[in-house]
Amino acid sequence: MEQDKKTIDKVFSQYPLSVCIAIYLICYAFRLWEYFVLKTDESVIGENFIHKACGIVVIFAALFASGLHWRDIGFIRADRLKNIGFGLALGAGFYTIAYAVECIVLYVQGASPSLKIASGGFSLVKSTEFVSTGIAFILLFNVLNVWMEEGLFRGLFTRLLRERYEFKTVIFITALLFGLWHLAMPVRSFIEGQMKLAPMLLLGAGYVALTFVYGLKMSFLYRMTGSIWAGLSEHFFNNSVINIVHVASSRGSDHLQVVRIVTAQLLSFIFVTILYLLKRKNLLPVF
């Protein structure tokens with residue numbers, strides 16, 4: 001038993017990238033199973049959450065095998081409320097700007113925009129489809145989502161990779177994996193005939209690029225705060241506001257939703273990057 005533990009520790013420490021890719025593929029298998037077989041987001045539930053729960057179980061197993069704890073991958077208690085507040089404020093501030101810009105554009109176009117609070121799903125190719133799942137369940141699903149994604153990409157993967165790679169390499173790898181993680185949605189739209197090949201490739205590349213940038217931003221927040229909480233709470237706000245706060249107009253619900261999301265995330269990324277560059281010389285050596 002002791003020999004087995006030493007072998008596992010050696011694999012985790014000497015081959016962290018291989019370990020991360022193996023864990024990633026396991027989690028991706030659960031994701032594809034739900035997207036293409038279960039299709040939970042097309043049910044009355046309106047959300048793919050099963051692979052997120054499975055991913056959390058995978059993280060638990062990886063932590064147990066490696067001898068790590070949740071605090072070792074960023075879930076620390078120090079300044080937790082402060083960092084959660086920072087993340088929520090970051091999300092609220094830039095989405096307020098993005099919603100305002102969207103409403104102004106629609107108003108100028110004579111589309112009579114108004115805000116609508118309801119449970120809705122997110123789609124790259126269709127208008128918002130409102131679901132019967134209550135807002136409380138939407139928030140619960142989003143807790144599962146950010147716990148799994150931040151715990152995996154910025155938490156576990158960062159912790160394993162930083163033993164052998166420098167900061168810029170770690171955040172590039174984790175952001176790239178996070179970007180590719182989001183290819184499942186456009187690929188399914190293509191396979192199901194909702195998109196042609198060329199638009200799928202274009203939209204898929206754009207989606208990967210946006211989530212890659214988002215992953216960089218999450219790593220900068222982790223590096224600045226020394227914990228995962230700021231990024232996790234910003235991620236939670238991002239997903240929740242997309243699912244709950246909608247812009248209704250004569251052109252339909254969330255006609256410019258993708259533009260709104262891109263606007264909020266790019267502005268937020270610029271702000272966080274500038275903040276990180278100003279602070280990095282005084283940061284503690286988390287990586």
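Tabulated data
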{"item": "Longest segment of the chain lacking GluC sites (Glu not before Pro) that sit in a DSSP loop with at most 16 other Cβ atoms within 10 Å", "result": "1-162"}
{"item": "Zone residues, the stretch 19-50, relative to Glu192, backbone N less than 17 Å from point 7 Å out along Cα-to-Cβ", "result": "31-50"}
{"item": "Cα-based shape type of the chain, given that a ≥ b ≥ c are square roots of the gyration tensor eigenvalues and the cut on a/c is 1.5", "result": "prolate"}
{"item": "MRE, 222 nm, helices only [DSSP H, n ≥ 4, -39500 (n - 2.57), over the chain, to nearest 500]", "result": "-22000 deg cm²/dmol"}
{"item": "Longest DSSP-loop-exposure-free segment, trypsin sites (Lys or Arg not before Pro), the chain, at most 11 other Cβ within 10 Å", "result": "197-287"}
{"item": "Charge-dipole axis of the chain as Lys and Arg at +1 and Asp and Glu at -1 on Cβ define it, positive-most pick from Ala29, Gly87, Leu277", "result": "Leu277"}
{"item": "Gaussian network model of the chain, springs between alpha carbon atoms under 10 Å - residue of Val37, Val208, Val262 with greatest fluctuation", "result": "Val37"}
{"item": "Glu166-Val143 FRET efficiency (beta carbon distance; Förster radius 22 Å; 0.05 resolution)", "result": "0.10"}
{"item": "Distance in nm between pseudo-label sites at Leu25 and Ala65 (7 Å out along the Cβ direction from Cα)", "result": "1.2 nm"}
{"item": "Test item: Cα-centred dipole of the chain, Lys/Arg +1 and Asp/Glu -1 on Cβ, debye", "result": "740 debye"}
{"item": "Whether the stretch 26-155 is rounded, prolate or oblate, judged on the alpha carbon gyration tensor where a/c under 1.5 counts as rounded", "result": "oblate"}
{"item": "Accessible area in square angstrom per residue, the chain, 1.4 angstrom probe", "result": "49 Å²"}
{"item": "Accessible surface of the stretch 127-219, 1.4 Å probe, proportion on carbon and sulfur as whole %", "result": "70 percent"}
{"item": "Built amide H within the under 5 Å cut-off of Tyr165, gap 5+", "result": "none"}
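The values are calculated or read from the model by the stated rules, or taken from the named source; none is laboratory data. What you see is a predicted model, and the numbers here were worked out from it, not measured in a lab. Backbone-built Cβ (ideal geometry, glycine too); neighbour counts: all protein chains shown. The area values use the complete protein model at the heavy-atom level, side chains included, leaving out ligands, DNA and RNA. Shrake-Rupley method; radii C 1.70, N 1.55, O 1.52, S 1.80 Å.
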